[in-house]
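Worksheet for the structure shown next.
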Amino acid sequence: MVHMKNYKKLAFLFLLSTIPAFAQGNKPLAGLNIMLDPGHGGADSGAVGHLGLKESDTNLRVARYLKMLLEHDGANVTLTRTQDKSLPLSKRVELSNEAMPDLFISVHHNASLNPKPQNHTEIYYNALDSGVSKFVGEHMTEGFEEAKFTDYSKKIPAGFYVLRNNNAPAILTEGSYISVPDSEKNLRSGKGLTNEAAILWKAIRKAYEKGPLKIDLYNGASEKLIMDSPYFNILFTANKAIKNVKASINNSNIANVDIKNIMAYPMTYSLYNSSPLKSGKYELTMMAESYEGMPSAKKKINLEVNLPVNKIGFKPVAQYIPMGFKGRFPIDVVLFDEQNNLNTRSVNAKLEYNNNSEELVTDESGITTAFLELKGDETKEVKVCVTADNGVKSQISLPIAMPVQRFVLGKLTGFNDMPLPNAAIKHNGKTIAKTNQKGLFYFDYPLSTKDFEIEVQPGPGHNSFTQTLTTNGEPVILPLLEASAVSPALLNKKIAIMAQSSLDNMVSNLTKPLTYSGAKVCRLDMPANQEKPEYQAVLEANMIKNLYLVISMKVEKIKDIQIRHYHSSKNGKKLADAVKNTFMQNYPNISVKSTAGSDYELGHTGATSIVIAIPEQPDENTREALINQVSHALKNN
Ligand SMILES: [Zn+2]
């Protein structure tokens, strides 16, 4: 309660003394919709200062001040939370994506376990938006720098959850360090709060000095465009003259996109592409810039390109059907579009062979495996015909031949019954077949050998095994072959490793077993010439969709090996403990500590992250043992 009283009084004094604008009835931010997101709340207090100040409270108070200031300038301001209650990140993003404000600002305060951190300001803007997010973020950074609010201010492109998944321009502010005693005192007194809010307010005011640039689809056109041509032409309007437009498709910039001013209609433009698109579903993102240098928010349009089928091809699993073959004989049907690309969409088609006629719904990959049900009494050939829904048809004739060799057909699946492509089927050490995209394989083999063994090598992620075939010469359809996963915990998981180049050896020694277990491992960029290379690495990590784990390796002036995790990450702690435990079991003489850490990459990546810190002594054996135990722990946890 004491807090509330102070807060009201301070706010009142503050407003009287520092806002000349609304005295003149000026509303420079009229029409601007802003969503403020006070970070943390409820059980999640965020950072806590040495004197007990909670980040969640501080964030809320700054957001409330800021709301008042912005509203006096005419902006419409909403808060994601107005009380001290917890609110999941997904809910915050949901609120923003529903309301689609002109600007979303998540208010936070930083903390460090480092006993003497520098008190500084970090302004993170959505790295996927070089428009409004960056533009306003730059003004905020300058504002903090000019006001000398902390020792220094930095703007950083970032991929935090509330930024990356936000469709509105989004910024996350870390105004100051709550863990720095002076800074905490300042925030507690209320002066720090009001100053911070005022800096943010002035920065927003300055950024929107000339008013926001708003673009809209012409005449309320739908944001979903279904087309049967590889070219789009999207009409849109703007509230100011537009200098240029940037457009990207599925987050990668597209070449040959341009705008035309439709002269007859003022402020109306057409956005078009001149290199063709393939069939498929795309997300087109466009962003405009006015002649004043003001960017617009990003506009997203869903494109569905359904190019007509232009040609149909066939790829039988084997060049002939062995006489007497009974059962399902696979044949790949390949669809092409008018650009001669694989037609990557699903169409309704008709499959005809012998006296059968059946529906065939084609695969979105453009290659569909159809099966011919054969009775074994076919004698000369089997004619197969496929007709697409637009009438394009194609035919192939498969010869039936007396096999002079064994004819073996099989299908290989792995973990969760997924077909395994590209696996090697070997006999006596020689590859005799490879599985196709659907896991199917075929080979023939001289009749002279009786029982024989094949070795199946599925490649990274799955274990090899052998299978014995018994045949007297008749065609063999193998039972479904199933390969077991090396480590279900790591299979197809994305793991990012960050380490300076001096640790190249350790990185490659760790990459090998992880890759063998089926993990997709990548190395994050740690630019050597940069003051804080971890910023770049973390940014890259946050851009990876569905990243499972970040492993950071570093050499430090420490006595024992340390495995560090983010203090509130359950999974991080579990992994760090697992490494420590397996290490202690196998190498009782080497001491390893599992502990919470304050490393930048621990607190700023969306994925689970662990830091492996090793002492400086270049003991190769210890390093090797460490890598072994890390990969062992990851495989089994
Ligand atoms: Zn926070």
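Throughout, read-outs are computed from the coordinates displayed, never taken from laboratory work. Predicted model only: the values in this text are computed from it and were never measured. We place every Cβ from the backbone using ideal geometry, glycine too, and count neighbours over all the protein chains shown.
Structure above, values below:
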| item | result |
| --- | --- |
| Förster radius 56 Å - calculated FRET efficiency between ASP389 and ALA43, Cβ distance, rounded to 0.05 | 0.50 |
| Other-chain or far-sequence residues with amide H under 5 Å of SER106's (modelled H) | ASP37, ILE171, LEU172, THR173 |
| Fraction of beta bridges assigned by DSSP in the chain that are antiparallel (%, nearest 5) | 65 |
| Part-to-part distance (alpha-carbon centres) for the range 324-339 and the range 382-429, which is given in Å | 7 |
| Nearest 10 degrees, 0 to 90: helix 620-635 Cα axis against the chain principal axis | 80 |
| Mean-position separation - Cα centroids, the range 168-200 and the range 56-96, in angstrom | 14 |
| Net charge, ASN436 excluded, C-beta distance under 11 Å - Lys, Arg +1, Asp, Glu -1 | +3 |
| Listed peptides 46-55, 486-495 by packing density, highest first (mean Cβ within 10 Å) | 486-495, 46-55 |
| Fewest-first sequence of THR173, THR595, THR413 by Cβ atoms within 10 Å of each Cβ | THR595, THR413, THR173 |
| Filter on LYS512/LYS593; LYS210/LYS243; LYS393/LYS434; LYS67/LYS155; LYS67/LYS240 - keep pairs with C-alpha separation over 19 Å | LYS512/LYS593; LYS393/LYS434; LYS67/LYS155; LYS67/LYS240 |
| Ellipticity estimate at 222 nm from DSSP helix runs (n ≥ 4, -39,500 (n - 2.57)) divided over the chain, nearest 500 | -7500 deg cm²/dmol |
| Trypsin sites (Lys or Arg not before Pro) restricted to DSSP loop in the range 533-598 with at most 14 other C-beta within 10 Å | LYS545, LYS557, LYS559 |
| The chain, relative contact order [Cα under 8 Å, separation at least 6], % | 8 |
| Rounded tilt (10° steps) of 132-147 against the dominant C-alpha axis of the chain | 30 |
| Fewest-first sequence of PHE144, PHE465 by Cβ atoms within 10 Å of each Cβ | PHE465, PHE144 |
| Length gained when the stretch SER464-ASN250 is fully extended (0.36 nm per residue, less Cα-Cα span) | 73.4 nm |
| Residue-count net charge about ASP37 - beta-carbon cut-off 11 Å; Lys, Arg +1, Asp, Glu -1 | +3 |
| 10 Å binning of all Cα-Cα separations within the chain, expressed as whole percents from 0 upward | 3, 13, 18, 19, 18, 15, 9, 4, 2, 0, 0 |
| Cα-based helix-to-principal-axis angle, 55-72 vs the chain, degrees rounded to 10 | 70 |
| The range 524-619: GluC sites (Glu not before Pro) in DSSP coil with no more than 15 other Cβ atoms inside 10 Å | GLU531, GLU616 |
| Net charge contributed by nearby residues that have their C-beta within less than 15 Å of ASN390 (K/R +1, D/E -1) | 0 |
| Within the range 369-444, trypsin sites (Lys or Arg not before Pro) in DSSP loop having at most 13 other beta-carbon neighbours inside 10 Å | LYS375, LYS380 |
| Distance in nm between pseudo-label sites at GLU359 and TYR218 (7 Å out along the Cβ direction from Cα) | 3.9 |
| HIS108, HIS120 arranged by Cβ crowding within 10 Å, fewest neighbours leading | HIS120, HIS108 |
| Reach of LYS545 by Cα under 17 Å, taken over lysines that are not fewer than 8 positions away in the same chain | LYS493, LYS494, LYS520 |
| Computed lengthening from LYS574 to ASP182, 0.36 nm per intervening residue step minus Cα-Cα distance | 137.6 nm |
| Residues whose placed amide H lies under 5 Å from that of ALA349, excluding near-sequence neighbours | LEU360, VAL361, THR362 |
| Packing-based order for 346-354, 128-136, using average beta carbon neighbours within 10 Å, highest first | 128-136, 346-354 |
| Contour minus Cα-Cα distance for GLU338 and THR595 (0.36 nm per residue) | 86.6 nm |
